[in-house]
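Quick note: the coordinates plus some simple rules give every number you see, no bench work behind them. For clarity, every value in this text was computed on a predicted model and none was experimentally measured. Every residue, glycine as well, gets a Cβ built from its backbone with ideal geometry; the counts of neighbours run over all protein chains shown.
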């Protein structure tokens, strides 16, 4: 069972385990929000993962981590943009998500997107745009499974 949580001190161990695994895999960590700062500096990292005010390159957003309650591990993360600017309308959409390498192909992305859509309703984002690269079949399926396209 998954739930989306905000990053707190009590989840530092879960964050480090997930990010270490992802970093050691050599692949690009997605969503961008969780890789734009060094997670080893926890307090600074925690501040960096959410944008509070619009800038030329970003809009306000919220970042959540998908916690597997039974195993007490982070499965992945979702970043929800509160609205879109022209750049995000063309490339990015409202939700960015990623699942750590060891937990892929288990249906977690579909569940994470479902939970993210619930969060979108709380910030009054009733219409959500979500995109992926055309060769990313797994992401496309997760998006379609949630009726977002």
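For residue 25, the conditions (1) touching a helix residue (DSSP H, G or I) at 6+ places or on another chain (Cβ under 7 Å); (2) closer than 13 Å to residue 67 by Cα are fulfilled apart from (2). Checked across the range 60-73, the condition of being under 18 Å from residue 140 (Cα atoms) and in a strand (DSSP E or B) holds for no residue.
Here the range 87-105 is the region considered, the condition is being within 19 Å of residue 19 (Cα to Cα) and free of Cβ contacts under 8 Å to residues at least 40 places away in the same chain, and the residue that is nearest to the chain's Cα centre (by Cα) is 99.
When restricted to residues that are touching a residue at least 12 places away in the same chain (Cβ under 8 Å), assigned to a loop (DSSP other than H, G, I, E, B), under 15 Å from the mean Cα position of the chain (by Cα) and surrounded by fewer than 16 Cβ atoms within 10 Å (Cβ to Cβ), the range 25-49 contains 2. Of all residues in the range 1-24, those satisfying the criterion of being without any contact (Cβ under 8 Å) to a residue 40 or more places away in the chain and more than 14 Å from the chain's Cα centre (by Cα) are 8, 9, 10, 12, 13, 16, 20, 23, 24.
Checked against the criteria, residue 83 counts as surrounded by 14 or more Cβ atoms within 10 Å (Cβ to Cβ), in contact (Cβ under 8 Å) with a residue 12 or more places away in the chain and out of contact with any strand residue (DSSP E or B) (no Cβ under 8 Å at 6 or more places or on another chain).
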